[in-house]
Amino acid sequence: QVQLVESGGGLVQPGGSLRLSCAASGSIFSINVMGWYRQAPGKERELVATITNFGRTTYGDSVKGRFTISRDNAKNTVYLQMNSLKPEDTATYYCYAFSLGRRYWGQGTQVTVSS
């Protein structure tokens with residue numbers, strides 16, 4: 001079992017920045033991939049970014065060039081640095097981990113981009 005706890009969400013103005021954190025605990029030795037998805041009201045959950053335990057990253061098209069995912073293996077934590085935020089980035093952001101063929105999800109953290 002893997003437990004994920006997110007932090008760092010909040011309200012920010014358009015063009016601003018936020019950094020999300022996700023700390024993993026439990027069977028962390030078996031985690032291959034960690035990442036972030038987001039879901040806005042009335043929309044499907046979509047990929048934001050992923051990072052493997054070798055540091056390989058993948059980004060959703062809508063965030064490329066603005067968001068950066070990173071991982072601190074010593075702290076079992078993954079980060080999402082979000083710059084140049086837009087109102088359409090408003091959503092609940094969910095951390096996830098892939099381990100032994102199973103996905104685990106955090107409880108979600110709200111990000112609201114509004115003036």
Check: Within the bounds of region 66-79, is there any residue that is without any contact (Cβ under 8 Å) to a residue 24 or more places away in the chain, within 22 Å of LEU11 (Cβ to Cβ) and not charged (D, E, K, R)?
Finding: yes
Margin query: With part of a loop (DSSP other than H, G, I, E, B) and open to solvent by less than 30 Å² (accessible area, probe 1.4 Å) as the only criterion, which of GLY35, GLY16, GLY42 stands out?
Written below: GLY16
Check: For region 30-51, which residues satisfy the criterion of being farther than 15 Å from TRP105 by Cβ and hydroxyl-bearing (Ser, Thr, Tyr)?
Finding: SER30
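The values are calculated or read from the model by the stated rules, or taken from the named source; none is laboratory data. The structure displayed is predicted, hence computed values, not measured ones. Note: ideal-geometry Cβ built from the backbone for every residue, glycine included; neighbour counts use all protein chains shown. What goes into the accessible areas is simple: the full protein's heavy atoms, side chains included, and nothing from ligands, DNA or RNA. Shrake-Rupley method; radii C 1.70, N 1.55, O 1.52, S 1.80 Å.
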